[in-house]
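Shown next, in structure tokens, is the structure this report addresses.
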Amino acid sequence: MGFTNAPAPGLHASVPDPRTTTRRRLLALAATTAAIAAAPRLAAAAEPHYPLDDISRRVPRRGPLRCPDVELVNYRGKHIRYTGLARVFVGFVERLAAMEQVAAAVAVEIYGRPPSRLQHMGTYACRRISAYPTWLSEHALGNAIDLEGFNFARAPRDKPLPEGLPKALGGPFSIRLARHWKSKQGYAALHARFLRTFARRLIGRKDIFRVLLGPSYAGHHNHFHLDVAPWRIVDVFEDQTA
Ligand SMILES: [Zn+2]
């Protein structure tokens, strides 16, 4: 399946989120524009240097697109295996591995075991950000992933499940942003807690990703977009205090 090269939803996402109001969209647009404008300062001062920081993201508004020549590798996950291989910039691999460790730690706390698989919607794709056609998407550098959720295998028989965990969750199950992000009842509420705890910790780990977009950002109701652009944008929680 060639989905890693297919256009993947990201900053550009073409599927509008029906819950997103125009006001919210305008605010997001303003925040993104401001963050992009502040980019050189951020890259130079606030963050340790990243190998792709000096590559210009400016591109002609239309016409054939030439994507920068970066070293891409096929990655399948180190701490959590990916359901499909991820084609990414070689320097992005360690960021993904660190993210997997965050997910595994939260999963062990809640479900008594790490996820068996990570499900993503795409990594490398040579394209513009469609809302900002004079800018290259981080996907065009193999510097982004669209993360949909995780699968869990049956819990090992020799290890007790965490106290209070419903017995049924000792069996295999999957967690997806699209299905569980807003859940408030039953097992699904636990999955929402997992996703939200994972997102909060990932936002706190400024050494991993700089841009984290999720359900509160237009077009991202079903995935987290995570990248290492030369600017920082965090827009994941509908209620920013959540
Ligand atoms: Zn994306």
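Per-structure values
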read-out	value
Note, ³J(HN,Hα) from phi for the range 72-80, Karplus 6.51, -1.76, 1.60, rounded to Hz, x at Gly and Pro	9, 10, 8, 10, 10, x, 9, 9, 9
Portion, in percent, of the accessible area of the range 89-138 that falls on carbon or sulfur, probe 1.4 Å	55 percent
17 Å tail of the calculated P(r), the range 66-114, as % of Cα pairs	42 percent
Candidate lysines - alpha carbon under 24 Å from residue 182, same-chain residues fewer than 8 apart omitted	167
Separation in nanometres of the label points that stand 7 Å from Cα toward Cβ, at residue 157 and residue 117	2.4 nm
5 angstrom amide H check on residue 120, placed H, neighbours 5+ away	83, 84, 148
Built amide H within the under 5 Å cut-off of residue 128, gap 5+	137
Relative intensity, log₁₀ I(q)/I(0), of the range 117-242 from a Debye sum that treats every alpha carbon as a point, q = 0.12, 0.19, 0.22 Å⁻¹	-0.52, -1.09, -1.32
Rg ratio (alpha-carbon, reference 2.2 N^0.38 Å) - the range 42-140	1.29
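The values are calculated or read from the model by the stated rules, or taken from the named source; none is laboratory data. Note that the structure is predicted; figures quoted are calculated from it, not measured. Heads up, the Cβs are rebuilt from the backbone with ideal geometry, glycines too, and the neighbour counts pull from every protein chain shown. What goes into the accessible areas is simple: the full protein's heavy atoms, side chains included, and nothing from ligands, DNA or RNA. Shrake-Rupley method; radii C 1.70, N 1.55, O 1.52, S 1.80 Å.
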